Amino acid sequence: MTSKEISSYNKKMNFVSIDFETAKYSQESACAIGLVKFIDGKASDSFYSLIRPPILYIRPDFTKLHGIKVNDVRDAPTFADLWESVIKPFIGAFPLAAHNAAFDMGVLKAVLGWYKLDIPPLSYFCTCSLARRSFLELKHYSLPSLAQNFGIVYNAHNALDDALTCGKLVQLSAEEFSCENIDDLLAAAGIKMKVLK
């Protein structure tokens, strides 16, 4: 994806929010993914799937968080099964938004590496950083705390709900800064778009 292609998509509030759940602390252990596509700032499409992690094991304390058990993912597709057929086309040339993006981008890079898939130069930004610059009066910036503050009702640690809530935060930040496109929003918040490498 060229910088010109990225820029053309950022002329409007177009992006894809992403969230992973993992089976354990190792980043390649993705066990669920949620994606929500926003066109002109509005949710237009979504994708959710359980993922069979490379090693079929889920820590009990992680199950307590996201509710996913080994039996849930035993027959689920692997990340490699989903990448070329669904995930990569769904993202296209849109920038990614993730809450605590270092985590989700780390998971994405790790699973791509595990399955020896090419790492595309996807652009991304962090909605936690964006929220910290947009809503200075708040004390807590975790996704559940922000959702509660703004009256967003959602199922925390469900990958699709997390991704949708993440996208709603971009909408709220855009309203706060009176911005109509991603480039202007990130500039107003003093945040740079990063690229997965």
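The values are calculated or read from the model by the stated rules, or taken from the named source; none is laboratory data. Note that this is a predicted model, so its numbers are computed, not measured. Cβ atoms come from the backbone with ideal geometry, glycine included; neighbour counts cover every protein chain shown. The accessibility values were calculated without ligands, DNA or RNA, using every heavy atom of the protein model including side chains. Shrake-Rupley method; radii C 1.70, N 1.55, O 1.52, S 1.80 Å.
So which residues in the range 66-106 are in a helix (DSSP H, G or I) and farther than 18 Å from I18 by Cβ, if there are any at all?
V70, N71, D72, V73
The set of residues in the range 150-167 being in contact with a strand residue (DSSP E or B) (Cβ under 8 Å, 6 or more places away or on another chain) and either without any contact (Cβ under 8 Å) to a residue 60 or more places away in the chain or open to solvent by 50 Å² or more (accessible area, probe 1.4 Å) (or both) consists of H157, L164. Cβ-Cβ distance below 8 Å, separation of 6 or more or different chains: which pairs start in the range 186-197 with a residue that is basic (K, R) and end on one that is surrounded by fewer than 17 Cβ atoms within 10 Å (Cβ to Cβ)? Correct list of pairs: K197/I119; K197/P121. Among the residues making up the range 173-185, none is hydrophobic (A, V, I, L, M, F, W, C) and within 13 Å of R132 (Cβ to Cβ).
When you check A147 against the structure, is it in contact (Cβ under 8 Å) with a residue 40 or more places away in the chain and either within 20 Å of F177 (Cβ to Cβ) or over 13 Å from the mean Cα position of the chain (by Cα) (or both), yes or no? In short, no. In this entry, S44 passes the filter for residues that are over 21 Å from K109 (Cα atoms) and either modelled with pLDDT under 95 or in a strand (DSSP E or B) (or both).
Look through the range 1-37, keep the residues that are at pLDDT 95 or above and among the charged types (D, E, K, R), and return whichever of them is surrounded by the most Cβ atoms within 10 Å (Cβ to Cβ). Here the answer is D19.
Scanning the range 82-120 for residues that are acidic (D, E) and either open to solvent by less than 20 Å² (accessible area, probe 1.4 Å) or on the phi > 0 side of the Ramachandran plot (or both) yields one hit, D104.
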